[in-house]
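The values are calculated or read from the model by the stated rules, or taken from the named source; none is laboratory data. Please read these numbers as outputs of a predicted model, since none were measured by experiment. Positions of Cβ are generated from backbone atoms using ideal geometry, with glycine treated the same way; all protein chains shown enter the neighbour counts. Just the protein is used for accessible areas: all its heavy atoms, side chains included, with ligands, DNA and RNA removed. Shrake-Rupley method; radii C 1.70, N 1.55, O 1.52, S 1.80 Å.
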Amino acid sequence: MEKQSFEELMEDLEIIELKKGRIFEGKVFEIDNDGIWVALEGSPGDVFVTQDELLRSKRDYKIGDLITIKITKVNDAEGLHLASEKKAVWQKLFNDIKEGENYKAVFKERVKNGYTVLIEGVVKAFLPGSLSLLKIYEDMPSEEVVVKVISKKGRNIVVSRKDYIEEKIEVFFGNYKKGMLVEGIVEEVKDFGAFVRLSDYVTAFLPKNEVSWNSRVDLKEFLKIGKKIKAIIVDIDEKDKKINLSIKQLKDDPWETIEVKYPIDSVVNGTVTKIFPFGFTVEIEEGIEGLVHESQIFWGRRGRIEDVVKVGDVVKVKVLDIDKENRKMNLSYKLAMGDPWENIEEKYNEGIVVKGTVEKILENGAIIKLEEGVTGFLHVSELSWNFIDNISNYLKEGSNVKVKILSVDKDNRKMRLSIRKALENPWKKVIREVQPGDIVKGKIAKFVDKGAIVLVDKHNVEAYLPSSKASFDSKNVREIFEIGEEVEVKVLEINLENENKRGNMVVSAVNLENFEGKEAEDILKDLEK
């Protein structure tokens, strides 16, 4: 073994000699109320580190922990040597800090023209306000930030957030190009588009017309804030640091192959998206929407479109024509459903009774809808076995009725219907049960020019009461009775030409038993008139 020279021996002695300002590593061997004791290997003594000079609470240290300390006081007389962990770490960190490098930092306080920050939570540095990226009214961030050291002179260090972030932005724009696929988080949604965060420092813009091939897409429904999305970079401006994105270009334009997927005359399924006064639109797939004009909805007379379809309904439509250049498509609802009159005789034979809906009230009758595209006409004379003077008093639009089919004209798409003939003719029963001379009860239903109409109880048929047969003194019937008043009348005449027609009944409210001879004969002659 070679002998050490005198100079080498002196260097070894100096290494283990305690001097103020020297930095050592040691192990924690005792923890007391005021701090911790650290044993320095190869050193002639131990050192004490007060709580104020520790980086953490003394409770966070354990016996045997290895820490770095800086000697702050040497007291050979008392044998108490003091040290600081903070100063050791500060010294080491300060020595390592270099201009142009990036470091983590926390905001400490606001000072004139800027802020005081602590690099790695230890070394104090100055952050000019103009380089902080903070507005004058903004609070200091509570979380760690990254800063770039732009100046280190003596113990004075100046840092910049702006330089660090601009550097990161430059790197980003250097790595990303037009056409690349990126992933980001939706930060804000506006009517004209959305802002998407691609990194902590770069936000891109997603225009509304680049969200979907469907131009009607609801942005706020499709792009929720915080949603992670994938998109294509469609435009990147390195100079102004702007990026535009597209989601829809992740898929091919559906209009490019529309003639292949949806050839003319093909029948396809779609969803009703909007109803207009002149028709409705159907979305066949995302980005492909066509119009069903009102002329392609109804086989018969035009009705309410809302009664045929509602927004959200899935319907079948036939492709009529395609305008690829202008991205338009005309569709037919009625052709896809088929012409209900084509085989009308298979479903609606003359003489059968079916259900229908009152679609429209007319002056002389009503339009009854049997199914989509199939309607018939109900004349007012076919409404009731009684006489009807105001059809609106008996039928309401939208009400359901039973009707008998009287005739079907397939060529002209016409059908005659009857409500009264869907029921048994009540006059058939009346003619069997009531004879001239019988007394019947009823109510005054209405007044006519020369008398009143009596609705006969039990039989629900109308009888005619002439004014001249309402009283002995020939008063006007309106002066004698009121609408709804109950009366007893004598049947003077009753007949039924055939069972498909209404019968006829004439009654009298005059008691002929009070008259004799010539007077009674005169009354009877008047009755006959």
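Does any residue of segment 107-123 turn out to be free of Cβ contacts under 8 Å to residues at least 24 places away in the same chain, touching a Ser or Thr at 6+ places or on another chain (Cβ under 6 Å), among the basic types (Lys, Arg) and closer than 29 Å to Ile36 by Cα? Yes, segment 107-123 contains a residue that is free of Cβ contacts under 8 Å to residues at least 24 places away in the same chain, touching a Ser or Thr at 6+ places or on another chain (Cβ under 6 Å), among the basic types (Lys, Arg) and closer than 29 Å to Ile36 by Cα.
Tell me, yes or no, whether segment 265-273 has at least one residue that is under 30 Å from Met415 (Cα atoms), of a type outside the set (S, T, N, Q) and over 32 Å from the mean Cα position of the chain (by Cα). No: segment 265-273 contains no residue that is under 30 Å from Met415 (Cα atoms), of a type outside the set (S, T, N, Q) and over 32 Å from the mean Cα position of the chain (by Cα). Taking the criterion of being modelled with pLDDT of 85 or more, within 28 Å of the chain's Cα centre (by Cα), surrounded by 13 or more Cβ atoms within 10 Å (Cβ to Cβ) and on the phi < 0 side of the Ramachandran plot, would at least one residue in segment 363-384 satisfy it? No, the conditions are met nowhere in segment 363-384. For segment 304-316, the set of residues classified as in a helix (DSSP H, G or I) and touching a residue at least 24 places away in the same chain (Cβ under 8 Å) consists of Ile305, Glu306, Val308, listed by residue number. Only residues that are open to solvent by 60 Å² or more (accessible area, probe 1.4 Å) and acidic (Asp, Glu): list them for segment 458-485, please. Answer for segment 458-485, where residues must be open to solvent by 60 Å² or more (accessible area, probe 1.4 Å) and acidic (Asp, Glu): Asp473, Glu479, Glu482, Glu485.
With respect to the stated conditions, Pro141 is open to solvent by less than 70 Å² (accessible area, probe 1.4 Å) and within 42 Å of the chain's Cα centre (by Cα). Picking from residues in segment 96-114 that are over 16 Å from Tyr164 (Cα atoms) and touching a Gly at 6+ places or on another chain (Cβ under 7 Å), the one that is least open to solvent (accessible area, probe 1.4 Å) is Gly114. Just for strands (runs of 3 or more DSSP E) wholly inside segment 317-421: which have at least 1 residues that are aromatic (Phe, Trp, Tyr)? Correct list: 374-379.
Can you work out which of the residues in segment 334-359 that are under 21 Å from Phe280 (Cβ atoms) and of a type in the set (D, E, K, R) is nearest to the chain's Cα centre (by Cα)? That would be Lys334.
Across segment 405-414, the number of residues qualifying as at pLDDT 90 or above, in contact with a helix residue (DSSP H, G or I) (Cβ under 9 Å, 6 or more places away or on another chain) and either more than 30 Å from His459 (Cα to Cα) or open to solvent by 60 Å² or more (accessible area, probe 1.4 Å) (or both) comes to 1.
Of Lys328, Lys316, Lys310, all but one fail to be of a type in the set (Lys, Arg), more than 27 Å from Asn400 (Cβ to Cβ) and open to solvent by 60 Å² or more (accessible area, probe 1.4 Å); the exception is Lys328. Screening Ser332, Ser407 for residues that are among the hydroxyl-bearing types (Ser, Thr, Tyr), in contact (Cβ under 8 Å) with a residue 12 or more places away in the chain and closer than 28 Å to Lys421 by Cα leaves exactly one candidate, Ser407.
Filtered by the rule that a residue be outside any loop (DSSP other than H, G, I, E, B) and either among the hydroxyl-bearing types (Ser, Thr, Tyr) or open to solvent by 50 Å² or more (accessible area, probe 1.4 Å) (or both), segment 422-431 gives Lys428, Lys429, Ile431. Scanning segment 432-447 for residues that are surrounded by fewer than 18 Cβ atoms within 10 Å (Cβ to Cβ), farther than 15 Å from Ala509 by Cα and out of contact with any Asp or Glu (no Cβ under 9 Å at 6 or more places or on another chain) yields Arg432, Glu433, Gln435. Only one entry in Lys86, Lys58, Lys62 is within 30 Å of Lys153 (Cα to Cα) and in contact with a strand residue (DSSP E or B) (Cβ under 9 Å, 6 or more places away or on another chain), namely Lys86. Just one residue in the set Lys148, Lys135 is in a strand (DSSP E or B), among the basic types (Lys, Arg) and either open to solvent by 40 Å² or more (accessible area, probe 1.4 Å) or within 21 Å of Tyr201 (Cα to Cα) (or both); that residue is Lys148. The residues of segment 151-181 that are more than 22 Å from Gly121 (Cβ to Cβ), open to solvent by less than 60 Å² (accessible area, probe 1.4 Å) and outside any helix (DSSP H, G or I) amount to a single one, Gly179.
The set of residues in segment 387-404 being within 27 Å of Val506 (Cα to Cα) and open to solvent by less than 20 Å² (accessible area, probe 1.4 Å) consists of Ile391 alone.
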